[in-house]
Amino acid sequence: VPSDTTRKKDYPQKEEFVVITDDGYKFNCKTSGDYSKNFRSADDLKILGRWIKGRLENRKALKTGEKVSDETLKNYGRNHIQLTKTKIPNTWYLDFGVKK
């Protein structure tokens with residue numbers, strides 16, 4: 001996560017929080033490292049990665065077992081995720097959707 005994002009007042013700093021995804025999943029995430037730049041799933045490091053790769057596979061931008069590349073994200077139609085604070089305490093909205 002770039003430092004201009006991690007410096008924002010509401011960015012979660014080295015804490016665990018809940019994310020609700022744009023497609024209805026819910027899991028725990030956390031930030032860690034210098035300036036809380038590392039964004040990851042909290043309980044199992046694979047959760048966030050599986051969610052992202054699942055989105056890519058469902059849109060046929062990635063085949064199972066392949067590595068994600070710039071070309072994969074181009075084919076998917078998006079190269080970033082968006083994290084938005086909600087009114088629910090300690091809960092964030094995680095968006096990685098593309099327009100159909």
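Scanning the range 52-75 for residues that are in a loop (DSSP other than H, G, I, E, B) and open to solvent by less than 30 Å² (accessible area, probe 1.4 Å) returns Ala61, Leu62. Within the range 23-41, identify whether any single residue is touching a residue at least 60 places away in the same chain (Cβ under 8 Å) and surrounded by 15 or more Cβ atoms within 10 Å (Cβ to Cβ), and answer yes or no. Yes: one or more hits.
Selection of the range 79-100 for residues being of a type in the set (D, E, K, R), closer than 23 Å to Lys30 by Cβ and part of a loop (DSSP other than H, G, I, E, B) yields only Lys87.
Note on the range 7-35: among residues that are within 26 Å of Lys67 (Cβ to Cβ) and polar (S, T, N, Q), the one that is modelled with the lowest pLDDT is Ser32. For the range 76-88, state whether one or more residues are surrounded by 14 or more Cβ atoms within 10 Å (Cβ to Cβ) and touching a Lys or Arg at 6+ places or on another chain (Cβ under 7 Å). So far as the range 76-88 goes, yes, one or more of its residues are surrounded by 14 or more Cβ atoms within 10 Å (Cβ to Cβ) and touching a Lys or Arg at 6+ places or on another chain (Cβ under 7 Å).
Conditions tested, residue by residue: (1) part of a helix (DSSP H, G or I); (2) more than 14 Å from Lys85 (Cβ to Cβ); (3) under 12 Å from the mean Cα position of the chain (by Cα); (4) of a type in the set (Phe, Trp, Tyr).
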{"position": "Lys9", "(1), (2), (3), (4)": "no, no, no, no"}
{"position": "Gln13", "(1), (2), (3), (4)": "no, no, no, no"}
{"position": "Lys30", "(1), (2), (3), (4)": "no, yes, yes, no"}
{"position": "Tyr35", "(1), (2), (3), (4)": "yes, yes, no, yes"}
{"position": "Arg50", "(1), (2), (3), (4)": "yes, yes, yes, no"}
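The values are calculated or read from the model by the stated rules, or taken from the named source; none is laboratory data. These numbers come from a predicted model, not from an experiment. Positions of Cβ are generated from backbone atoms using ideal geometry, with glycine treated the same way; all protein chains shown enter the neighbour counts. These area figures cover heavy atoms from the full protein model, side chains too; ligands, DNA and RNA do not enter into them. Shrake-Rupley method; radii C 1.70, N 1.55, O 1.52, S 1.80 Å.
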